[in-house]
1. Answer yes if at least one residue in the stretch 52-66 is free of Cβ contacts under 8 Å to residues at least 40 places away in the same chain and within 13 Å of the chain's Cα centre (by Cα), and no otherwise.
2. Which one of Arg73, Arg22 is within 19 Å of the chain's Cα centre (by Cα) and at positive phi?
3. If the requirement is being surrounded by fewer than 10 Cβ atoms within 10 Å (Cβ to Cβ), within 19 Å of the chain's Cα centre (by Cα) and in a loop (DSSP other than H, G, I, E, B), which of these qualifies: Asn11, Asn3?
4. So, in the stretch 49-70, how many residues would count as being exposed (fewer than 14 other Cβ atoms within 10 Å of the Cβ), in a loop (DSSP other than H, G, I, E, B) and not polar (S, T, N, Q)?
5. Which condition from (1) surrounded by 10 or more Cβ atoms within 10 Å (Cβ to Cβ); (2) part of a loop (DSSP other than H, G, I, E, B) is the one that Tyr46 breaks?
6. Is there any pair with a first residue in the stretch 40-51 that is more than 12 Å from Glu69 (Cβ to Cβ) and a second that is at pLDDT 95 or above and not in a loop (DSSP other than H, G, I, E, B) whose Cβ atoms are under 9 Å apart and which are 6 or more apart or on different chains, and what are they?
7. Can you tell me which of His82, His88 is assigned to a helix (DSSP H, G or I) and more than 17 Å from the chain's Cα centre (by Cα)?
8. Looking at the stretch 17-32, which of its residues are part of a helix (DSSP H, G or I) and surrounded by 10 or more Cβ atoms within 10 Å (Cβ to Cβ)?
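The values are calculated or read from the model by the stated rules, or taken from the named source; none is laboratory data. No experiment lies behind these values; they were computed from the predicted model shown. No Cβ is skipped: glycine too gets one built from the backbone with ideal geometry, and neighbour counts run over all protein chains shown.
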Amino acid sequence: MLNEDNPLFENWDQDETAVSERYELQDPATVAAELTAAATDLSDLYDTVGGDQWSRPGTRSDGALFDVESFGRYFLHDLVHHIVDVQHGFAALPRTTKGDG
């Protein structure tokens, strides 16, 4: 959105990606390192945004409109949901010994 006027973002099916990329078989340490690097890159990019750039538009394939600012807020909103999902997943795991946490 910073380099192109009102780009169109194709639909991304996160569930299909999880299956096709076999998320359940990926090494957690590698994934954590990759996520950390990507988050740093994204944060660095957002540090360069200023003034009117925050309102530069983009369009999803379903016609929904957003801008740089709302896209950033969505990232954070989605991250919170994924953290909750992971916490619920860990909470649902059976405990094999008393005191495991």
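1. Here is the first cut: in the stretch 52-66, the ones free of Cβ contacts under 8 Å to residues at least 40 places away in the same chain are 52, 54-55, 63-66.
Now restrict to residues that are within 13 Å of the chain's Cα centre (by Cα): none.
Within the stretch 52-66, not a single residue is free of Cβ contacts under 8 Å to residues at least 40 places away in the same chain and within 13 Å of the chain's Cα centre (by Cα).
2. Values: Arg73 fails: at positive phi.
Unique residue meeting the criteria: Arg22.
3. Details: Asn3 fails: within 19 Å of the chain's Cα centre (by Cα).
None of the other options fit; the residue is Asn11.
4. The qualifying residues number 4.
5. (2)
6. Filtered contacts from the stretch 40-51: no entries.
7. On the way: His82 fails: more than 17 Å from the chain's Cα centre (by Cα).
Checking each option against the conditions leaves just His88.
8. Residues of the stretch 17-32 that are part of a helix (DSSP H, G or I), as a first pass: 17-20, 23-25, 28-32.
Result: Thr17, Ala18, Val19, Tyr23, Val31, Ala32.
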